[in-house]
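Coordinate-derived values only; no laboratory data. What you see is a predicted model; the values in this text were computed from it and never measured. Please note: Cβ atoms are built from the backbone with ideal geometry, for glycine as well, and neighbour counts cover all protein chains shown.
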Amino acid sequence: MKKTQEQTQRLIAFWVASLSIVVFALLVSAWTAAYSHSSRNQQQNVQHLAATLERQFFRNADLSALDRWLPDMLLSYEFSRFGLVRDGQDLYRWQAPFPLHRRQNHFDIRLSNEVHMQVVMPAPQILTGFSGREWAVIFAGLLASVAMVVVGYFWLSREMNGVEMLARRSRKILAGDLSAAAHAASGERPISAARAISRLHRSWNHERQAKKNLDHYIRANTFLDANLGIGNRSFFEHRLQAFAEQGEIKQQGMVSLIQFTALEGIPAAERKAFMIQFIDLTRPLIAGYFDAVFASRSSLELGLLIPQLPLKECEGLLAKLVKVGNMLSLPKAVDAEELMHIGVAYYNRGDTPDQVMSEAEMALRAAQLQGDSGWFMYDKGAVDRELAQGSVRWRSMIENALSRDGLVIYMAPVKDHQGGLNHLEVFSRMRNNQGELMRASLYRPMAWRCGLIPQIELRLVEIALRQLRDHDWPAAISVNVSAESLLHERFIKRLKMILASYSTRRQQLIVEINERELVSQADKLEKPLRQLQAADCLLAVDGVGQSVEELDYIDRFAVNYLKLHTSLSQKIHLRPENQLYIGSLVKSLAHSKVKVMAEGVELEAERQRLSMLDVVAYQGALAGKATPKLQQIKSQFKAF
């Protein structure tokens, strides 16, 4: 940029210098022409005098007669001296009474009869010879020339500055900042080029918006029930599969199948209207449960999946669902007593998704056998005993862990498709009162209920940065941070203090936030996220695809990484709908700097298909399991 501006200044200086030289050359040429003209006039006067004397000699005029007319002529020509000489003898001599004291020109002309005419007269004086009017004309010309140079300087400076502005915008576009093409400055030059870039940007933006709309339509309809506006059967099954690793579920939760058998035989329009009413009233009841999945399994059946739901809350929620059904106005010929039946299955660690769905369907049939509207739960004993602990006991346990360094971090590699390390993601365990390590999927929901998530996440960031420093680890690390923490009044302040303590490592920190939380609280999160980015932190968004969201937040928050939800990555080589979803997503981000990554990759076939879809990196069992030993991961990558 600076080099280009220097070139512009040199070009302007060269133009001004060239114009000044031309003006100076014109002045010198004019002076030279005036001097030459004056000199020729003197020569002509001398020649005319010589011709007159020749005629006098031809007439044999007496030289004494010259005194009658020659002195007056000599004075009119401003001669200083005049003489006629023959053979070294003066025939006639005259001298001006008041000669001018300046440089003199001498002329010696041979006449007839061997007579030499010798004339001395003042040399032409250009500067002192001009009249006032002539000087006025000269000064007017000089002023006009100077004015032309000054006006030309400012005009050329403005024009070249416009060229620089257009070049600056072009460089931003070449650097990947395509939004710069939309911001045309009024002084850009040439105007036609500036307008062409702006028109191309409008055309490109229109096409991009059309592609985004198409992408959103594809992603929405891939896993969306078009009639009810919620996820479809495939969406529900994929989300349940996402909780499993190598075929086994790694946490507890609840699956409910809600069937409206009494609506069978009712016209489709009336059935749809009733189902939409039920869905609209149910959504607020499950809005507070993170990772809850609500989907349509068939025209008469809905599915509800809520991980980490305590048994007591589950029973209360089911009772509310039955109450919602009873509140709605029913179509004619529908028996309100047998309107809906709910089958519930609690799943535990080690269960398989197929087993859970089988148990839920068995519970649904049992509920139907009861006749009246209601619910039936399969195997209540499957609830983990730790979930039954009260919140007071959980708070005490978590606070003890925070006070005695009971949090242990595990790091899992995120690899590119060449086997190189992209970054590490931090996972955590917590030691309970018996010294046993508890998974994050178990203690984090309880910490959230107790309001201790911000403290836990601050501690995890500090531990992670300390390990990077102690092991002199150059790779970046990502730490999951919830919206609750980012919006906590003291969280950002304390996080900045931690980053200041590890100033040489803060550029390696990637703050990872869930897509659903980011979209739902975008306005509130903008300020804290800007502050973290100002502190050189990178931003990653995970859980992408868990729900269909607009992607405007990528440009708004300058997101660096997108991590696809596990349900999209698992068995992707066997699921064309997932391939369509990811392919559409990646293509819609072709002009963005964001990098798309995949979570939960377990098979080489999955990795290969993700690579074909331009997903740049992956994590999961195939990339490597999470481990608390950073040195062990370091030994796997020679570059580090």
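The amide H of D542, built 1.01 Å from its N in the peptide plane, has I513, N514, E515, K563 as neighbours under 5 Å, considering only residues 5 or more places off or on other chains. Shown for V137, V601, V408: other C-beta atoms within 10 Å of each C-beta, ranked fewest to most, produce the order V137, V408, V601.
In percent, rounded to a whole number, the relative contact order of the chain is 9, using alpha-carbon pairs under 8 Å and six or more apart. P(r) for segment 534-640, from all Cα pairs and a bin width of 5 Å, is 2, 11, 21, 21, 18, 13, 9, 4, 0 %, short bins first.
Cα centroids of segment 263-304 and segment 563-640: 33 Å apart.
Of the residues H101, H341, the one with the fewest other Cβ atoms within 10 Å heads the list, and the complete ranking is H101, H341.
Using 29 Å as the Cα-Cα cut-off, could you pick out the over-long pairs in K563/K625; K527/K634; K272/K320; K172/K527; K272/K524? Can you show the working numbers first?
Numbers: K563/K625 17 Å; K527/K634 35 Å; K272/K320 21 Å; K172/K527 26 Å; K272/K524 36 Å.
Violating the 29 Å limit, Cα to Cα: K527/K634; K272/K524.
Determine the distance separating the Cα centre of segment 21-53 from the Cα centre of segment 501-544; give it in Å without decimals. With segment 21-53 and segment 501-544 each reduced to a Cα centre, they are spaced 84 Å. Using the alpha carbons alone, the radius of gyration of segment 472-513 stands to its Kirkwood radius in an Rg to Rh ratio of 1.00.
With the gyration tensor restricted to C-alpha atoms of segment 233-386, the semi-axes of the equivalent ellipsoid amount to 27, 15, 14 Å, longest first.
The residue list S501, S198, L228 was ranked by how far each Cα lies along the charge dipole of the chain toward its positive end, using unit charges on Cβ atoms, and S501 comes out on top. For D351, the residues whose modelled amide H falls within less than 5 Å of its own, excluding neighbours fewer than 5 places apart on the same chain, are I249.
Which ordering of T282, T261 is given by a fewest-first count of other beta-carbon atoms within 10 Å? If you can, show how the numbers build up before the last one.
Working: T282 20, T261 15.
In order of increasing Cβ crowding within 10 Å: T261, T282.
In this structure, D552 and V22 have a Cβ-Cβ separation that, at R0 = 51 Å, corresponds to a calculated FRET efficiency of about 0.30. In summary, the aspartates and glutamates within cross-link reach of K323, defined as a Cα separation below 16 angstrom excluding same-chain residues under 8 places away, comprise D280, E313, E315, D335, E337, E338, D372.
In the chain, the calculated helix contribution to ellipticity at 222 nm averages -16500 deg cm²/dmol per residue, counting -39,500 (n - 2.57) for every DSSP H run with n ≥ 4.
With no solvent and one point on each alpha carbon, what is the Debye value of log10 I(q)/I(0) for segment 369-514 at q = 0.18, 0.21 Å⁻¹? So the normalised log intensities are -1.09, -1.34. At a Cα cut-off below 14 Å, give the aspartates and glutamates reachable from K571, other chains included and same-chain residues fewer than 8 away excluded. Cα-Cα hits under 14 Å: E237, E245, E599, E602, E604, E606. Overall size of the chain from C-alpha positions, given as principal axis extents largest first: 164, 64, 44 Å. Farthest toward the positive end of the dipole of segment 2-122, out of S36, S76, A17, is the Cα of A17, where the dipole comes from beta carbon charges about the Cα centre. The longest stretch of the chain left intact once loop-based GluC sites (Glu not before Pro) with at most 13 other Cβ atoms within 10 Å are removed from consideration, loops following DSSP, is 79-263.
Less than 5 angstrom separates the built amide H of A476 from those of L424, all sequence-distant by 5 or more or on a different chain.
Would you list which aspartates and glutamates come within 20 Å of K493, measuring only between C-alpha atoms, while excluding same-chain residues fewer than 8 positions from it? Once the sequence-local aspartates and glutamates are set aside, what remains near K493 is E457, E462, E484, E512, D523, E526, D536.
Counting only trypsin sites (Lys or Arg not before Pro) that DSSP places in a loop and that have at most 16 other Cβ atoms within 10 Å, the longest clean stretch of the chain runs over 104-249.
Nothing charged except the Cβ atoms of Lys and Arg (+1) and of Asp and Glu (-1): what's the magnitude of the dipole of the chain about its Cα centre? Round to the nearest 20 debye. Present the calculation step by step, with values, prior to reporting the outcome.
Working: 77 positive and 67 negative charges, 357 e Å.
That gives a dipole near 1720 debye.
Plainly put, segment 2-122 has a radius of gyration that is 1.38 times its Kirkwood radius, both from alpha-carbon atoms, as the Rg/Rh ratio.
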